[in-house]
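One structure below.
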Amino acid sequence: MDGIDLRTPVRSDEIVEQGRALQEATPPDSHDHDPVSPRRPDVVDFIHRSNAGRLDSLIPLRIRRMTASPFAFFRGAAGLMGADMAGTPASGLTAQLCGDAHAANFGLFGTSDGQIVMDVNDFDETVPGPWEWDLKRLSTSLVLAGREGEVSEKRCRKAAEDAVKSYRRTVRKLAEVPFMTSWNALPDSSVIERAKADELLDDFEKAADKARKNTSAKIAAKRTTEFSDDGGRRLRFSENPPIRTHLDDAEAEAVIDGLESYVETLPARHRTLLTRYHITDVAFRVVGTGSVGRRSYIALLHGNGDEALVLQLKEACPSALEPFLEHHDADHEGRRVVEGQRLVQAEADILLGWTTIDGRPFMVRQFRNMKGDIDPSALSGGHLDDYGRLAGALLARAHARSLDPRLLAGYFAGDSDMDEAVGRFAVRYADQTEADHEELVAAVRNGLLPAETED
């Protein structure tokens with residue numbers, strides 16, 4: 001293959017030295033920079049732009065969710081932070097970004113053999129870019145989550161700094177171990193000890209116990225009703241407007257067509273598995289904060305005996321970071337999301353794939369494969385510190401799958417300034433986010449933007 005060289009040996013110390021040389025151009029303390037760009041749009045303009053292509057009927061719901069708190073606003077404003085990050089100091093090293101690495105986008109899920117792991121779990125905005133962008137977004141989100149949970153300002157800042165410190169330490173460890181060891185390590189409960197986040201162990205185990213019960217079978221038991229047709233008794237999703245609604249026949253057929261073509265994007269061994277199921281119902285379902293208004297469907301499939309499988313089809317739009325990065329546009333946005341996730345996660349969903357429905361790109365995944373979470377805004381100060389260390393370690397492991405950790409280890413060599421530099425930035429960006437949130441709330445109050453409740 002062109003560009004692949006397996007013949008030329010490269011010494012690890014030479015790669016580390018390449019990373020160390022980058023410190024001169026971009027010292028670690030340079031990451032304490034102005035929080036906003038003079039080119040950023042105002043909040044109302046940003047909201048209008050980010051609503052493009054969304055379903056008009058759901059835009060008020062999206063805005064209402066973003067008004068809930070500054071942290072909620074932040075979760076729906078990855079593109080605004082992308083505008084602020086453009087042109088800021090960066091080492092020049094590129095990783096496959098999560099793209100929206102805030103603290104609530106780290107979650108638990110089940111592996112193919114039933115283990116519960118914790119990893120980055122949202123890839124709508126994934127794209128190659130400066131690793132610093134993910135780390136600064138994570139650190140800022142910890143400050144905002146802590147403030148929402150009424151954690152002291154000192155503890156919020158410490159959580160942001162600890163995320164950076166844990167990121168650096170994890171990178172250094174990954175740079176020293178065999179490639180296969182770092183690549184295949186699963187982020188199970190043992191990562192808590194390695195990240196020095198022992199206070200989170202109980203939180204992890206409680207979340208894991210809930211995650212084990214969060215399955216397609218549970219969805220089928222609680223969110224469906226039985227009906228009779230010529231084929232006997234079947235299940236279909238129950239209605240819960242506007243969150244879960246049924247489709248007209250034409251849209252339902254288009255979704256089923258999309259699912260049939262999606263199967264071709266799976267690895268051959270998983271195609272065989274999925275073709276043993278048949279679809280019994282499809283419905284529209286609203287998800288997330290930043291994703292509200294995008295087209296999102298769930299499909300109920302019937303398997304062996306009473307077995308149920310629920311898949312999610314989620315519209316994939318261009319990454320909100322794309323306008324601020326130099327790279328080629330994706331041929332298919334669903335494929336961009338899927339391939340980014342497969343690269344970054346330690347073990348991705350075996351049914352992860354993509355498709356096209358009515359000319360729009362979608363990604364497809366299991367809707368409930370033992371998913372769970374630890375709510376960072378509900379943690380006490382000490383636990384928030386631990387969560388920061390855990391998330392920082394998980395982010396470092398994720399980046400190390402696309403960026404040689406030896407280069408990053410070199411960049412961090414002898415550094416003791418970056419933790420506090422990013423911590424100071426995170427506090428100031430959190431302050432700016434609170435001001436942005438106030439502007440959004442005022443715009444809703446003054447009738448400049450629509451918002452409605454979720455009754």
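Coordinate-derived values only; no laboratory data. Bear in mind that the values here come from a model prediction, so they are computed numbers and not experimental data. Cβ coordinates were reconstructed from backbone atoms using ideal geometry, including for glycine residues, and neighbour counts include every protein chain displayed.
Each of Ser416, Met370, Ala104 was placed along the dipole of the chain (beta-carbon charges, centred on the mean Cα), and the one lying farthest toward the positive end is Met370.
Could you work out the local net charge near Ser152, counting Lys and Arg as +1, Asp and Glu as -1, over the other residues with Cβ closer than 12 Å to its Cβ? The partial results should precede the final answer.
On the way: positive: Arg147, Lys154, Arg155, Arg157, Lys158; negative: Glu150, Glu153, Asp385.
Local net charge: +2.
Nearest 20 debye, what's the magnitude of the dipole of the chain about its Cα centre given +1 on Lys and Arg Cβ and -1 on Asp and Glu Cβ? Rounded to the nearest 20 debye, it is 720 debye.
Placing unit charges on each Cβ (+1 for Lys and Arg, -1 for Asp and Glu) gives the chain a dipole about its Cα centre, and among Ser261, Leu22, Leu61 the Cα reaching farthest toward its positive end belongs to Ser261. Please report how far the C-alpha centroid of region 16-74 lies from that of region 181-204, rounded to the nearest whole angstrom. A separation of 29 Å, based on Cα centres.
Cα convex hull of region 215-366: how many Å³ per residue? Could you put the intermediate results ahead of the total?
Values: hull volume 20.3 nm³, N = 152.
With only Cα atoms used, region 215-366 gives 134 Å³ per residue.
For a straight C-alpha distance cut-off of 21 angstrom, the lysines reachable from Lys210 (same-chain residues fewer than eight places away being disregarded) are Lys218, Lys222, Lys371.
Partners of Lys154 within straight-line reach, counting lysines whose Cα lies under 24 Å from its Cα and excluding those fewer than 8 residues away in the same chain: Lys136, Lys165, Lys196. Counting neighbouring Cβ atoms within 10 Å and putting the fewest first, the residues Lys314, Lys218 line up as Lys218, Lys314.
Between the beta carbons of Thr8 and Asp331, assuming R0 = 35 Å, the FRET efficiency works out to 0.65 to the nearest 0.05. Modelled spin-label separation between Glu452 and Ala52, with each label point placed 7 Å from Cα along the Cα-to-Cβ direction: 2.5 nm.
Grab the other residues whose beta carbon is less than 12 angstrom from that of His328, score K and R as +1, D and E as -1, and report the net. Kindly include the intermediate steps, with their values, before the conclusion.
Values: positive: Arg336; negative: Glu322, Glu326, Asp329, Asp331.
Around His328, the charge tally is -3.
The amide H of Leu313, built 1.01 Å from its N in the peptide plane, has Tyr297, Ile298, Ala299 as neighbours under 5 Å, considering only residues 5 or more places off or on other chains. Across the options Gly79, Ala217, Gly92, the greatest Cα extent toward the positive end of the charge dipole of the chain (unit charges at beta carbon of Lys, Arg, Asp, Glu) belongs to Ala217.
Under the 0.36 nm per residue contour assumption, what length would be gained going from the current alpha-carbon distance of Asn240 and Asp198 to full extension?
Numbers: separation 42, 0.36 × 42 = 15.12 nm, distance 3.99 nm.
The Asn240-Asp198 span can extend by a further 11.1 nm.
Dividing the summed helix terms, -39500 (n - 2.57) for each DSSP H run of n ≥ 4, by the number of residues in the chain produces a 222 nm estimate of -14000 deg cm²/dmol to the nearest 500.
Which whole-number percent gives the relative contact order of the chain, counting Cα pairs below 8 Å spaced six or more residues apart? All intermediate terms of the calculation are to be shown ahead of the outcome.
Working: 852 pairs, mean separation 145.2, N = 455.
It rounds to 32 percent for the chain.
For Lys158, give me every one of the aspartates and glutamates with a C-alpha distance below 13 angstrom, ignoring sequence neighbours fewer than eight places off in its own chain. The reachable aspartates and glutamates, counting only those whose Cα sits under 13 Å from Lys158, are Asp385, Asp386, Asp419, Glu420.
Report relative contact order for region 311-384 in percent, whole number only (criteria: Cα-Cα under 8 Å, sequence separation at least 6). Could you put the intermediate results ahead of the total?
Numbers: 75 pairs, mean separation 27.1, N = 74.
The value is 37 percent.
So for Tyr429, Tyr277, fewest C-beta neighbours within 10 Å to most, what's the order? Kindly include the intermediate steps, with their values, before the conclusion.
Values: Tyr429 27, Tyr277 18.
Least to most surrounded, the residues fall as Tyr277, Tyr429.
Centroid-to-centroid, using Cα positions, region 408-455 and region 259-335 are 30 Å apart. Ellipsoid semi-axes for the chain, based on the Cα gyration tensor and the rule √(5λ), read 36, 27, 21 Å when sorted largest first. Only Cα pairs under 8 Å and at least 6 apart count here; give the relative contact order of region 119-270 as a rounded whole percent. Computed over region 119-270, the figure is 9 percent.
Starting from the 7 Å offset along Cα-to-Cβ, what nm value, one decimal, do you get for the label separation of Glu17 and Ser152? Distance between the two pseudo-spin positions: 4.7 nm. Taking a Cβ cut-off of under 9 Å around Val427, the surrounding Lys, Arg, Asp and Glu residues balance to a net charge of +1, with basic ones at +1 and acidic ones at -1.
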